[in-house]
Amino acid sequence: MLFTSFLFIGLVIITFLLYYLPFLSKLQVSTLIISSLIFYSYNQPILVLLLLFSVSINIISSYYIVYGNVKYRKGFATAGVVLNLSILVFFKYSPLLAKTFFTASNSIGEFLTMMPLPIGISFFTFQGISLVIDVYKEKYVSSLQLVPKSFLVHAKQTLFFKGFFPQLISGPIVKAHDFIPQIGKKSFDDINWNVVAKNLITGYFLKMVVADNLKDFTFWIDFPYFQGQSSLTLLVMLFGYSCQIFADFAGYSLIAIGLAKLFGYDFKDNFKFPYISTSFKEFWKRWHISLSSFLMEYLYIPLGGNKKGKVRTYINLMIVMFLGGLWHGAAWSYAIWGSFHGLALAIEKFLGEHIKMRSNPFIKIGKGLMIFSFVTLAWLLFKLPDFEHVIAYFKSIGNNVQHADDSQVITYILLYSSPVILYHLFYLLKDRWLFINRTDYVWYGTMLFLIIVNSGSSGAFIYFQF
Amino acid sequence: MIKRIFVFAAVLFIVYSLFVIAVAPKWWTASQHQWQANVINAQKFIYDDSDSLNHVLIGSSLTTRLVMDSLPKTYNLSFSGQGIYDGLNILAHKAKIPENIFIEMNLALREESKDFTSGLHTPILYYPKKMLVSLREDKQPIGVAGAQISNKITDPAILNVKTFFHLAAPNTVPEKEHKNELFNTMLQDQVKNYSELPEQELITQSFTTLKNYITELENKGGKIIFFEMPVNYQLNQLPKAKLIRATFYKYFPTPKYTYIPIPDGVKYQTTDGVHLGRAEALEYTSYLKSKLPY
């Protein structure tokens, strides 16, 4: 069920009405759980069983870490993490393992290739891992705050934490220590309607007007269509895809944040204007923050982070980014994409330690453009998972200089990408151009108007596949 | 704040709707890409309540190539990238249908695009778009702006400036060679496709659906005429083309049904093996017109 479908909007309205009915106030969490299961089961009903199985692993492992025999605490934590990862590997990476290790006619290979990919598995698995580790390590909150004594209450809370529909299938990856302490009775009067409206309008605008329109022009990036396009068209399409992937995912995240606030829950920002970044490090603090902070907290730091010497720091960085890349999809191109970013981070760190550069506005702009260009080129690995096609695309950029430009594709891509540029520009200039803040309602009103009259054809969110 | 947002959006929408109805110039319409062109084409037919249409062509992208200026009072309800069942579905939803219904034979096995047809008839979208023209796809303001800008960019004057600065070069020999190479690749793909026989289950399912649609349209008073769009001559006698042709005659026998076969001995040029070029499309349209039973 897409956030942009009328069916979903109907589900949200019904859930909202039931949720805040005074005589049902004790059933608020149950109402959201039922809605979430309806939401998840809409496309693949059978896979709800997998979600419930995954949740049950987290319920049992986290409960016994706290209330089980102290001797087996570590064992329960390890089992919880390993089982979570096993489900992820089995369902998500089976086709990749089949392609890598088995021939096409091999029966095991065939079986693995046929595995369905449960939607949102990467997201809810990581949330499960965060629960197990948060309870075990107690780094942020006491385990008693995360796991109540009553097993049934704990089970209900865990199911709600992993299954809450705004974040269930495409994030943001909500961490247990951020979410579970928020669970409680919510009041209609506490809703901040301005914040809800701003998030939902911006989110739906980015998705329906920007991303859904751009997708019909960046479609031509696919193999073999790109081969007939001119160099300029190919570069503009790449730029458009960069704006599309941002609008698609940031839009989804803003909708998720707005919906959660509608039910009284706060999710942290998932995007903070990533395309203004002047370094790769900054980019990863602004892009898909819930994933990068997860990898930082639950992988990079446990690996030793930067505390075990310089060489180990670089190795840790590469491991984290390689796995972070592979988390996105079951294809080696994602691992290459992650490694590219890992390498860029490592080189940047090395240069930062050895070369001191003066900073002025021109250098900053130059750095910003360079980071944006590298990030944009790397997105091609998302659009063309076959690495040979990526190479062919770059070759076409070099070879097709003499081809006639596709003025229609170029024009529309630049038009539909311009809100992404303005979005970042307004953020940079909001302190200098005070009228931007004073005329808030004009921007949001215009976005709402364009959602009504200029939405593109509905398309699945790019990050659904992850 | 939230009230001001909604009031501002409402004012914009009212002003724009009035503009589209009362003030907008004729050129205030645009289709941005193939999918949207299909939607716009369907909407024009669906929301047309006049009696000006006597004939309708139902087809795929092959039929979209026909030159409609040559076929008066005829609506081309064909969709690029889609098959005949989308057009038939739209027609079946109409209370009053045109007198003659021409159905393309070539892509009878391509399934209906449910997303496309259901999107057009969903009540929550159908009625607002019927009443408010400003909500229809061809009136999207950014779409219209884009079409205007795009046209300006291709103005000869601007192209000359671009050429001066080496921003756009005229078509050169390598481009042509590239096109030939690409054409051969596409033709070979089509040869491969036309050489493979489809599964019997798909044939039965498709033709049963077609028969149901045709019965429904006949009950509404429509006369059915089948026609085959010409493709590259190498494909005409390949197994898939022959099988589809034979199945049509089996399910819809002559003389009860009228057929307009492809002209004998004419080798049509195509752009990719199956789609006619502009001149060939005009030639075939003339042929089609000469065979019309009215």
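Out of A:PHE426, A:PHE435, A:PHE449, which single residue is within 19 Å of A:PHE246 (Cα to Cα), free of Cβ contacts under 8 Å to residues at least 40 places away in the same chain and in a helix (DSSP H, G or I)? Spell out the reasoning first.
Numbers: A:PHE435 fails: within 19 Å of A:PHE246 (Cα to Cα); A:PHE449 fails: within 19 Å of A:PHE246 (Cα to Cα).
Unique residue meeting the criteria: A:PHE426.
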Suppose we filter the stretch A:140-176 for residues that are farther than 15 Å from A:GLY120 by Cα, crowded, with 22+ Cβ neighbours inside 10 Å and not polar (S, T, N, Q); how many remain? 4
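Looking at the structure I just gave you, is A:SER54 under 30 Å from A:GLY456 (Cα atoms), in contact with a Gly (Cβ under 7 Å, 6 or more places away or on another chain), of a type outside the set (Phe, Trp, Tyr) and part of a helix (DSSP H, G or I)?
On the way: under 30 Å from A:GLY456 (Cα atoms): no; in contact with a Gly (Cβ under 7 Å, 6 or more places away or on another chain): yes; of a type outside the set (Phe, Trp, Tyr): yes; part of a helix (DSSP H, G or I): yes.
It is false that A:SER54 is under 30 Å from A:GLY456 (Cα atoms), in contact with a Gly (Cβ under 7 Å, 6 or more places away or on another chain), of a type outside the set (Phe, Trp, Tyr) and part of a helix (DSSP H, G or I).
Might you check whether a residue that is in contact (Cβ under 8 Å) with a residue 24 or more places away in the chain and within 11 Å of another protein chain (Cβ to nearest Cβ) occurs anywhere in the stretch A:242-259?
No: zero hits.
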Please go through the stretch B:67-81 and give me each residue that is in a loop (DSSP other than H, G, I, E, B) and either buried (at least 23 other Cβ atoms within 10 Å of the Cβ) or free of Cβ contacts under 8 Å to residues at least 40 places away in the same chain (or both), ordered by number. B:PRO72, B:LYS73, B:PHE79
The stretch A:53-92, subset within 28 Å of A:TYR334 (Cα to Cα) and of a type in the set (Gly, Ala, Ser), residue surrounded by the most Cβ atoms within 10 Å (Cβ to Cβ): A:GLY80
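Does A:LEU422 satisfy being more than 14 Å from every other protein chain (Cβ to nearest Cβ) and either crowded, with 18+ Cβ neighbours inside 10 Å or closer than 30 Å to B:GLN148 by Cβ (or both)? Explain how you work it out, then say what you get.
Numbers: more than 14 Å from every other protein chain (Cβ to nearest Cβ): no; either crowded, with 18+ Cβ neighbours inside 10 Å or closer than 30 Å to B:GLN148 by Cβ (or both): yes.
No: the conditions fail for A:LEU422.
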Checking the conditions here, which among A:LYS207, A:LYS137 is of a type in the set (Lys, Arg) and crowded, with 24+ Cβ neighbours inside 10 Å? A:LYS207
I'm told A:MET357 meets every condition in (1) within 22 Å of A:SER279 (Cβ to Cβ); (2) touching a helix residue (DSSP H, G or I) at 6+ places or on another chain (Cβ under 6 Å) except one. Can you identify the failing condition by its number? (2)
With respect to B:VAL39, is the statement that it is buried (at least 18 other Cβ atoms within 10 Å of the Cβ), under 17 Å from B:ILE103 (Cβ atoms) and of a type in the set (A, V, I, L, M) true? no
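Which count do you get for residues in the stretch A:366-385 that are among the small types (Gly, Ala, Ser) and either not assigned by TED's automatic domain parsing to the domain that holds A:PHE280 or not in a helix (DSSP H, G or I) (or both)? Spell out how you get there, then give the answer.
As a first pass, look at the stretch A:366-385 and keep what is among the small types (Gly, Ala, Ser): A:366, A:368, A:373, A:378.
Right, trim to either not assigned by TED's automatic domain parsing to the domain that holds A:PHE280 or not in a helix (DSSP H, G or I) (or both) and you get none.
The qualifying residues number 0.
Could you tell me which residue of the stretch A:228-279 is surrounded by the fewest Cβ atoms within 10 Å (Cβ to Cβ), considering only residues that are β-branched (Val, Ile, Thr) and in a helix (DSSP H, G or I)?
At the first step, the residues of the stretch A:228-279 found to be β-branched (Val, Ile, Thr) are A:233, A:236, A:245, A:255, A:257, A:276, A:278.
With the extra rule that they be in a helix (DSSP H, G or I), the set shrinks to A:233, A:236, A:245, A:255, A:257, A:276.
Values: A:THR233: 25, A:VAL236: 23, A:ILE245: 22, A:ILE255: 25, A:ILE257: 27, A:ILE276: 17.
Top of the filtered list is A:ILE276.
Within the group A:LYS186, A:LYS137, which residue is touching a residue at least 40 places away in the same chain (Cβ under 8 Å) and not aliphatic (A, V, I, L, M)?
Values: A:LYS137 fails: touching a residue at least 40 places away in the same chain (Cβ under 8 Å).
Exactly one of A:LYS186, A:LYS137 is touching a residue at least 40 places away in the same chain (Cβ under 8 Å) and not aliphatic (A, V, I, L, M), namely A:LYS186.
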The correct count of residues that are surrounded by fewer than 18 Cβ atoms within 10 Å (Cβ to Cβ), closer than 23 Å to A:GLY324 by Cα and hydrophobic (A, V, I, L, M, F, W, C) in the stretch A:352-380 is 3
Cβ-Cβ distance below 7 Å, separation of 6 or more or different chains: which pairs start in the stretch B:211-222 with a residue that is closer than 8 Å to B:ALA92 by Cβ and end on one that is β-branched (Val, Ile, Thr)? B:LEU217/B:ILE97; B:LEU217/B:ILE101; B:LEU217/B:ILE224
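Could you identify the single residue in A:LEU18, A:LEU51 that is free of Cβ contacts under 8 Å to residues at least 24 places away in the same chain and either of a type in the set (Gly, Ala, Ser) or within 24 Å of A:ILE255 (Cα to Cα) (or both)?
Values: A:LEU51 fails: free of Cβ contacts under 8 Å to residues at least 24 places away in the same chain.
The unique qualifying residue is A:LEU18.
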What's the total number of residues in the stretch A:27-41 that are surrounded by fewer than 20 Cβ atoms within 10 Å (Cβ to Cβ) and without any contact (Cβ under 8 Å) to a residue 24 or more places away in the chain? 3
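If only one of B:TYR259, B:TYR194, B:TYR249 is closer than 29 Å to B:LYS96 by Cα and part of a helix (DSSP H, G or I), which one is it?
On the way: B:TYR259 fails: part of a helix (DSSP H, G or I); B:TYR194 fails: closer than 29 Å to B:LYS96 by Cα.
Criteria check complete, one pass: B:TYR249.
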Any residue in the stretch B:42-56 that is touching a Ser or Thr at 6+ places or on another chain (Cβ under 8 Å), polar (S, T, N, Q) and either buried (at least 19 other Cβ atoms within 10 Å of the Cβ) or within 9 Å of another protein chain (Cβ to nearest Cβ) (or both)? no
Which residues, taken from the stretch A:109-129, are outside any loop (DSSP other than H, G, I, E, B) and either exposed (fewer than 13 other Cβ atoms within 10 Å of the Cβ) or hydroxyl-bearing (Ser, Thr, Tyr) (or both)? A:PHE111, A:THR113, A:SER122, A:THR125
Which condition does B:LEU135 not pass, out of (1) in contact with a Pro (Cβ under 9 Å, 6 or more places away or on another chain); (2) away from chain A (no Cβ under 14 Å); (3) surrounded by fewer than 21 Cβ atoms within 10 Å (Cβ to Cβ), if it passes all the others? (2)
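Provide a single number: the residues in the stretch A:70-102 that are in a helix (DSSP H, G or I), of a type in the set (A, V, I, L, M, F, W, C) and more than 22 Å from the chain's Cα centre (by Cα).
Keep residues of the stretch A:70-102 that are in a helix (DSSP H, G or I), which gives A:70-101.
Filter once more, keeping what is of a type in the set (A, V, I, L, M, F, W, C): A:70, A:76-77, A:79, A:81-83, A:85, A:87-91, A:96-98, A:101.
From what's left, more than 22 Å from the chain's Cα centre (by Cα): A:70, A:76-77, A:79, A:82-83, A:97-98, A:101.
Total satisfying the criteria: 9.
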So if I check each of A:VAL132, A:VAL195, which one is in contact (Cβ under 8 Å) with a residue 40 or more places away in the chain and over 30 Å from A:LEU2 (Cβ atoms)? A:VAL132
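The values are calculated or read from the model by the stated rules, or taken from the named source; none is laboratory data. Remember, predicted model here, so these are calculated numbers, not experimental data. For neighbour counting, all protein chains shown are included, and Cβ atoms are generated from backbone atoms with ideal geometry for every residue, glycine included.
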